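Okay, structure first, notes after.
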Amino acid sequence: MRQKIHRLAANGLTHFVRDSGDEASPVAILLHGFPDSSALWEEITPTLVAAGFRVIAPDLRGFGDTDIAARKRDYDMHDGAVPDVVAIMDNLNILTAHLAGHDFGATVAWRLAALHPERFFTLSAISVGHVRAYLNAGPEQWRMSWYILFHQMRWLCETAYRFNNWALLRKQWDGLGDVNDIIRQLSRPRRLTAGLNWYRANISLTRMMRPPPIGAFGDETVRIPTLGLWSDDDKYLAEKQMKLSRKFVEAPWRYKKIAGAGHWIPHDKPDELAHLLIEHWRSV
């Protein structure tokens, strides 16, 4: 499998981007979440490329080898990650693509699909549903999201995660792929705080319990074919937040529950995930 590594200037930062497959193939953009990097997609990328797709996987701002933004508010996805992805596409002369995201990458993907439907053929949301569905999923989701409050505690959270050879992070995020490599990345100066700033800039328990009015973030409706994927052993996301997402899609919607997988579906069920994505992409 042919893979290029790009370091692209986009939206004020230098972005690390994995580019796999033939440049003439249909493009799929894959977005990771916390505390991952674009390496999340390495297990499924060969299957996607063999099926005839070009895979673009960036490290989102602050993660992996993409630059760290200076301020907490720079991690607000509406001003940060959303224009980052559009700028990366423009830099690579990609007019349209399929779009998939996991965890916070799914949240970014929902916003991209709503704001820039002309740039994407399809959306695939892995684990995390539409922000409105997430915020209105009720007590079960609030209980599962306890760690969001912990992530707001600047310095205390960082200290707790680093203590005793990152024992808390290893326990809390026990479904990670190569946890030692992720810890190596987070151990670099300011990298852990950069990752946590995604939570601090975008979501809080206050917002979860008192969702902002519909339309607060602009037009939130997705009007491209959408696939929602959720796994039955996810410790952090309730099924309701994914199933409710259909209310915010005015286009063909499909929901698929993946059995026997935890939150990190790309690691737990890479073959099933790859084939579901390929089927969705080929359906349009």
Practice task
Only Cα pairs under 8 Å and at least 6 apart count here; give the relative contact order of the chain as a rounded whole percent.
Solution key: 20 percent
Exercise for the section: Take ASP67, ASP178 and order them by how many other Cβ atoms sit within 10 Å, fewest up front. Expected result: ASP178, ASP67
Practice task
List the residues of the range 72-116 whose backbone N lies under 11 Å from a point placed 7 Å from the Cα of ARG223 along the Cα-to-Cβ direction.
Solution key: 114-116
Exercise for the section: Tally the DSSP beta bridges in the range 3-282 and give the antiparallel ones as a percent, rounded to 5. Expected result: 35 percent
Handout entry: the range 89-140 versus the range 237-270: alpha-carbon centroid distance in Å
Key = 13 Å
Completion exercise
Within the chain, pairs of Lys residues whose Cα atoms are less than 29 angstrom apart, provided they are eight or more positions apart or on distinct chains, add up to 25
Completion exercise
Residue separation between ILE5 and ASP181 times 0.36 nm, minus their alpha-carbon distance, gives in nm 61.5 nm
Completion exercise
Most exposed to least, judged by fewest other Cβ atoms within 10 Å, VAL179, VAL82 sort to VAL179, VAL82
Practice task
Determine, from the Cβ-Cβ distance of TRP142 and THR96 and an R0 of 35 Å, the FRET efficiency 1/(1 + (r/R0)^6), rounded to the nearest 0.05.
Solution key: 0.40
Handout entry: Sum of -39500 (n - 2.57) over DSSP H runs of 4+, divided by residues of the chain (222 nm, nearest 500)
Key = -10500 deg cm²/dmol
Handout entry: Proxy reagent accessibility, fewest Cβ within 10 Å first, across HIS130, HIS6, HIS280
Key = HIS6, HIS280, HIS130
Practice task
Could you pull the Rg and Dmax for the chain, using just the Cα atoms, both in Å?
Solution key: 17.4, 50
Fill in the blank from the handout: A correct Stokes-Einstein calculation for the range 1-92, using the alpha-carbon Kirkwood radius, 37 °C and 0.692 mPa s, returns a whole-number D in µm² s⁻¹ of 246 µm²/s
Handout entry: Kirkwood-type radius of the range 91-180, with distances r between different C-alpha atoms, in Å
Key = 15.7 Å
Exercise for the section: Based on the mean of other Cβ atoms within 10 Å per residue, sort peptides 53-64, 7-18, 23-34, 152-163 so the most packed one is first. Expected result: 53-64, 23-34, 7-18, 152-163
Exercise for the section: Would you mind calculating the gained length between ARG254 and MET153 on full extension (0.36 nm times residue separation, minus the Cα-Cα distance), in nm to one decimal? Expected result: 32.6 nm
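Just so you know, all these numbers are worked out from the coordinates, no wet-lab data involved. None of the values given here were measured: they were computed from a predicted structure. All Cβ positions, glycine included, derive from the backbone under ideal geometry; neighbour counts span all protein chains shown.
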